[in-house]
Structures are given as C-alpha cells and as structure tokens.
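The block underneath contains the structure these notes are about, expressed in structure tokens.
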Amino acid sequence: MARAKAKSAARSARRPRTTKRRTLPKAKVKARPKQTFTASHHNEGDFKEGLRRYAKYRDLGINRATGGMVQAHVIRFVPPCRPEEVSKRHYHDVDFQMVYVLKGWIKTELDGQGAIVMRQGSCWIQPPRIEHVVLDYSDDCEVLEIILPADFKTVELE
C-alpha cells in the first residue's frame with residue numbers, strides 16, 4: 001500500500017500542472033511626485049499679493065515639497081470688505097479644496113448651500129468646480145486653504 005502511494009505521488013510530481021492563471025490587465029497607476037520635508041514658520045513678510053487683490057497669501061511651501069500635488073496657503077483678507085470687488089461668482093478647477101478659518105469670520109455662498117457665515121474654527125470642503133461667491137468678511141479674517149492639485153484654474157462667471 002505504501003508502495004502504491006509512493007508511485008502515485010511520483011507520477012503526479014512529474015505531471016505538469018495545466019491550470020491556467022488568468023492575468024488581468026494592469027491598471028495604469030499615476031506615479032505620485034516625490035515628497036520632501038518642509039517647514040514654514042510665521043513671518044509677516046511672507047504675505048504677498050496673489051489671485052485676488054483683496055487678499056494676501058502666505059505660501060506654506062507645500063507645492064514645492066509635494067512636486068505640485070498640493071497647494072497650501074494662509075489667506076489674509078484685506079480690510080475693509082468691498083462687496084462690489086469680492087462678490088464675483090466663480091469656481092476653481094480642482095480635485096480637492098478645504099478651507100479652515102484661523103481668525104475672524106467670512107460669509108460665503110456656495111451653490112446649493114446658500115449663504116453661510118464661517119467663524120474661527122469653522123472648516124469646510126468645497127467640492128470640485130462648485131460655484132461660490134464671497135459675500136463679506138471681518139477685518140481680521142484669515143483662512144488656511146489646502147488644494148489639490150497645486151496648479152489650478154479659477155473660472156470667473158460674471
């Protein structure tokens with residue numbers, strides 16, 4: 001009996017396996033840019049003019065550190081708020097946008113959400129291409145904005 005088992009095992013070891021493995025097409029994975037360490041410390045001189053005349057921007061160095069994957073900046077709104085200048089309907093062609101109020105308050109209107117006052121500590125996500133408008137802001141308003149990708153277009157609708 002032991003001899004029969006040994007012969008059977010020897011035969012099956014010699015037989016090639018005929019099971020075919022199904023291979024799926026490889027998904028194209030977009031390589032993420034290499035990231036490097038960065039640190040940004042508060043410096044009043046870092047606030048520069050940028051996208052809007054009524055705001056100054058402090059770049060936090062995230063764009064460079066992520067190879068263009070992410071943009072992060074502190075936006076300081078310039079007082080006083082002039083609705084005729086700030087209240088222009090627009091959207092940003094982004095994959096992700098998050099805003100966090102660091103100081104003061106900002107009143108904004110987002111498509112489908114109506115007018116909302118965001119105060120210090122408020123945080124929101126603006127879905128890609130959502131139409132919105134800034135209605136008003138406090139004299140001390142500052143927000144942190146994080147956006148993907150770092151390079152994006154703003155489309156004015158008015």
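Bear in mind these aren't lab numbers, they're just calculated from the coordinates by the rules spelled out. Just so it is clear, the structure is predicted and the values come from calculations on it, not from any experiment. A quick note on method: Cβ atoms are made from the backbone with ideal geometry, for glycine too, and the neighbour counts reach across all protein chains shown.
Which trypsin sites (Lys or Arg not before Pro) from region 65-158 combine a DSSP loop assignment with at most 16 other Cβ atoms within 10 Å?
Counting only loop positions with at most 16 other Cβ atoms within 10 Å, the trypsin sites (Lys or Arg not before Pro) in region 65-158 are Lys88, Arg89, Arg129.
Once amide H atoms are built 1.01 Å from N in the peptide plane, which residues 5 or more positions from Ser122, or in another chain, come under 5 Å H to H?
Close amide H contacts, sequence-distant or interchain: Val101.
Can you list the HN-Hα couplings for region 129-135, worked out from phi with the Karplus curve (6.51, -1.76, 1.60; θ = phi - 60°), rounded to whole Hz and with x for Gly and Pro?
Each residue of region 129-135 in turn: 6, 6, 6, 7, 8, 7, 9 Hz.
Taking 0.36 nm per residue of separation and subtracting the Cα-Cα distance, what length does fully extending Leu157 through Asp139 add?
Length difference between fully extended and current span is 3.9 nm.
Explain nothing, just compute: Karplus ³J(HN,Hα) = 6.51 cos²θ - 1.76 cosθ + 1.60, θ = phi - 60°, for every residue of region 30-42 in order, whole Hz, x for Gly and Pro.
After applying 6.51 cos²θ - 1.76 cosθ + 1.60, I find 6, 5, 7, x, 5, 9, 10, 5, 8, 9, 10, 10, 4 Hz.
Going by average Cβ neighbours within 10 Å, how do the peptides 140-148, 31-39 rank, with the highest at the top?
Most protected by this proxy first, the peptides run 140-148, 31-39.
Apply 1/(1 + (r/R0)^6) to the Cβ-Cβ distance of Ala31 and Met98, taking R0 = 22 Å, and write down the FRET efficiency to the nearest 0.05.
The calculated FRET efficiency here is 0.35.
Just grab the label-to-label distance for Trp124 and Ile146, each label 7 Å out from Cα along the Cβ direction, in nm (one decimal).
Taking the simple label geometry, Trp124 and Ile146 are separated by 1.8 nm.
Amide H to amide H, which residues 5 or more places from Met69 or on other chains are under 5 Å from it, using H placed in the peptide plane?
Ala150
How big is Rg to Rh over region 44-156, alpha-carbon atoms, Rh as the Kirkwood inverse-mean-distance radius?
0.93
Enumerate the calculated ³J(HN,Hα) couplings along region 43-51 in order (Karplus 6.51 cos²θ - 1.76 cosθ + 1.60, θ = phi - 60°), each rounded to whole Hz, writing x wherever the residue is Gly or Pro.
After applying 6.51 cos²θ - 1.76 cosθ + 1.60, I find 8, 3, x, 7, 7, 10, 5, x, 4 Hz.
Taking 0.36 nm per residue of sequence separation and subtracting the Cα-Cα distance, how much length would be gained by fully extending the chain between Arg53 and Ile116, in nm to one decimal?
Extra length from Arg53 to Ile116 when fully extended: 20.4 nm.
Non-local amide H neighbours of Glu131 (under 5 Å, H modeled in plane, Pro and chain starts lacking H): which ones?
The list, which skips near neighbours in sequence, is Asp111.
Using the Cα centre of region 44-156 as the reference point, and only Cβ charges (+1 on K/R, -1 on D/E), how large is the resulting charge dipole? Debye, rounded to the nearest 20.
For this selection, approximately 80 debye.
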